[in-house]
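**Q** Got a structure here, written out as structure tokens. Questions coming.
None of the figures in this text is laboratory data; all of them are computed from the coordinates on show. These figures come from a predicted structure and were not determined experimentally. Note that each Cβ is placed from the backbone with ideal geometry, even for glycine, and that neighbours are counted across all protein chains shown.
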Amino acid sequence: MTKMPQTAYKHYIAQTRFLFHCHIKVKIPATYPEALLNDCFAMLEAIDLQYNSYQEDSLFHQINTNAGQWVSVDEVTISLLKQTIKISELTHGSYDITAMPLIRLWGFYKENIAQIPTKEAIQNCLTQVDFSKIQIDGNRVKIEEHQELITGSFIKAYAVDQVIAMLKAQGVTDAIINAGGSTIYALTDAFHEKWNIHIPHPKKETNLAKIPLSNRCFSLSACKHQFIAIEGKKYSHILNTNTGYPAANLQVGLLSDSACLGDMLSTALFGIEAKNFQETIQRLQKVFNFEAYLIDENQHLHQHNFKSLLPC
Amino acid sequence: MKPKHLFLYLLGIALLLFGNRDLWDELQESWEKEKKQKALAEANKDVEKRFETQRLQYDSISKTWKNPTYYFQIVNLGNLNFKALKKKGHTTVEIDDDENASDSL
């Protein structure tokens, strides 16, 4: 006689939609209505339109198109800008929201890139990349002419934070949002204590480790799939805005309470040189609470307080 | 003709018609078939009436094809917000499977 399984699986409802240039999956317990999932995506869509610098009517796009002039924005834009500036200061400019001209120079929006930019072109471009030139006066923002902001490193994560806040307000205590694999936020309760996240190997098509995730966000910055190839060499899509060259690191993983902060910090740490990892982390941890690891170009693991890595 | 011969002749005819059961069945079957075909032909006639053929006319000045039938004109819907018409996502039922981190989007 076959025994009945002892585990009663909890059921969830999930939807995946393409927003912020990636697939975003929201999963909530099946006891909640499908309408709540639709509300989550409506919120993601609204934030995309309002703040994504790639959206023509967004506030960040307005700042870009009116470079050289003061632009009135809302409180959210101001607080996001202040947060990025703070991280730029703490990383001594390795992370910079004004990196867009440099990203264009490297050709991340072109199909065929024949050669890397010249040293001269990079140096010229770096004069436009400077977060300290962002001026904030009350609810008004001004960037220098030829400067351009890019929200790619945090806006999707900001939207995830807002959806998590909405779910909590609706009484949801168990849920997961996986935004493109690089921003994963998990809510857990006493009945479902953790979600498991698989971390990919930086080079191979296997998993490196897994981590339990509970009421926190895991942010991943990597260059396994996001890169440009010039003359047969792969260059990461994340640039070190101090040097003007693509970061050489392979992967950064970070755990934090806020997806937005997590994505900003993981991008910032990916951009630094591995030898400066411990020093930069110590500086950042005086202000922010997080755990992080970095895998450098030689596949060496650098970690600081990252206790959660488990072998697969 | 003697009455006996006449009786035998009629008996022969009756036996031929009613005594041969197969023939009787075949006759009835062919009548049914004919009836069905007639009904089908009438139904087809009715269906054909519901459709009409419209002829497009070529306007050599504007170099466009036009349909003269007024209720078959193209309606200009104006500026549609296609984003608002985006299909809703497909909801699936899942368990607490592990999630994969990735930079593949």
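**Q** Tally Lys/Arg at +1 and Asp/Glu at -1 over every other residue whose Cβ is under 9 Å from the Cβ of A:ALA67; what's the total?
**A** -2
**Q** In addition: Please state the equivalent ellipsoid semi-axes for the protein assembly as shown: what are the square roots of 5 times the Cα gyration tensor eigenvalues, largest first, in whole Å?
**A** Calculated on Cα positions only, the semi-axes equal 69, 33, 22 Å.
**Q** What is the fewest-to-most order of A:MET43, A:MET166 by other Cβ atoms lying within 10 Å of their Cβ?
**A** Least crowded to most crowded, the residues run A:MET166, A:MET43.
**Q** If you don't mind, there's one more thing I want to ask. Using the Cα centre of region A:165-248 as origin and beta-carbon charges of +1 (Lys, Arg) and -1 (Asp, Glu), tell me which of A:SER219, A:ASN178, A:LEU208 is placed farthest towards the positive end of the dipole.
**A** A:LEU208
**Q** Peptide A:12-18: average number of partner chain Cβ atoms within 10 Å per residue?
**A** Per residue, the average neighbour count from other chains is 5.
**Q** For Cα pairs less than 8 Å apart in space and 6+ apart in sequence, what is the mean separation divided by the residue count of region A:83-151, i.e. the relative contact order in percent?
**A** 40 percent
**Q** Here's something else I'd like to know. What's the magnitude of the charge dipole for chain A around its Cα centre, counting Lys and Arg as +1 and Asp and Glu as -1 at the beta-carbon? Answer in Debye, nearest 20.
**A** Around 1000 debye, computed over chain A.
**Q** Quick check on region A:107-251: take the gyration tensor over C-alpha atoms, sort the square-rooted eigenvalues as a ≥ b ≥ c, and tell me if it's rounded (a/c under 1.5), prolate or oblate.
**A** Verdict is oblate for region A:107-251.
**Q** Compare A:ILE164, A:ILE63, A:ILE136 in a GNM of chain A, Cα atoms joined below 10 Å, and give the one with the largest fluctuation.
**A** Result: A:ILE136 has the largest fluctuation of those listed.
**Q** Quick one: which residues, 5+ away or cross-chain, put their amide H under 5 Å from the amide H of A:LEU19? H built at 1.01 Å from N.
**A** Under 5 Å from the amide H of A:LEU19: A:ILE24.
**Q** Per residue of chain A, what 222 nm ellipticity follows from adding -39500 (n - 2.57) for every DSSP H run with n ≥ 4, rounded to the nearest 500?
**A** -9000 deg cm²/dmol
**Q** Continuing with the same structure: How long are the three semi-axes of the equivalent ellipsoid for region A:1-96, computed from the Cα gyration tensor as the root of 5 times each eigenvalue, in whole Å, largest first?
**A** 41, 18, 11
**Q** Which links in A:LYS82/A:LYS203; A:LYS133/A:LYS204; A:LYS156/A:LYS286; A:LYS142/A:LYS203; A:LYS119/A:LYS286 stretch past 32 Å when you go from one Cα to the other?
**A** Listed pairs above 32 Å: A:LYS82/A:LYS203; A:LYS133/A:LYS204; A:LYS142/A:LYS203; A:LYS119/A:LYS286.
**Q** In peptide A:33-40, how many Cβ atoms from other protein chains are near each Cβ within 10 Å, on average?
**A** 1
**Q** What number, in percent, do you get for the relative contact order of chain A if the mean sequence gap of Cα pairs under 8 Å and at least 6 apart is divided by its residue count?
**A** With pairs under 8 Å counted, the relative contact order is 16 percent.
**Q** Can I ask one more? Taking the highest mean first, how do the peptides B:14-27, A:137-150, A:179-192 order by number of other beta carbon atoms within 10 angstrom per residue?
**A** Descending packing order for the listed peptides: A:179-192, A:137-150, B:14-27.
**Q** Given the options A:ILE87, A:ILE230, A:ILE155, state which has the largest fluctuation in a GNM of chain A using a 10 Å cut-off (strictly under) for Cα springs.
**A** Maximum fluctuation in the GNM of chain A, among the listed residues, is at A:ILE230.
**Q** Which order do A:LEU255, A:LEU19 fall in if you start with the one that has the fewest other Cβ atoms within 10 Å?
**A** Ascending number of Cβ neighbours within 10 Å: A:LEU19, A:LEU255.
**Q** With θ set to phi - 60°, apply the Karplus curve 6.51 cos²θ - 1.76 cosθ + 1.60 along region A:132-137 and write out the HN-Hα couplings as whole Hz, x wherever there is a Gly or Pro.
**A** Result, rounded to whole Hz: 5, 8, 6, 9, 10, 9.
**Q** How big is region A:188-230 along each principal axis, measuring the range of its Cα positions in Å and listing the largest first?
**A** Principal-axis extents of the Cα atoms in region A:188-230, largest first: 50, 18, 8 Å.
**Q** Could you list which residues have their amide H under 5 Å from that of A:ARG216, counting only those 5 or more apart in sequence or on another chain, with H placed in the peptide plane?
**A** Placed amide hydrogens put A:ALA186 under 5 Å from A:ARG216.
**Q** To the nearest whole number, what is the average tally of beta carbon atoms from other chains within 10 Å of the beta carbons of peptide A:26-32?
**A** Partner Cβ neighbours, averaged per residue: 2.
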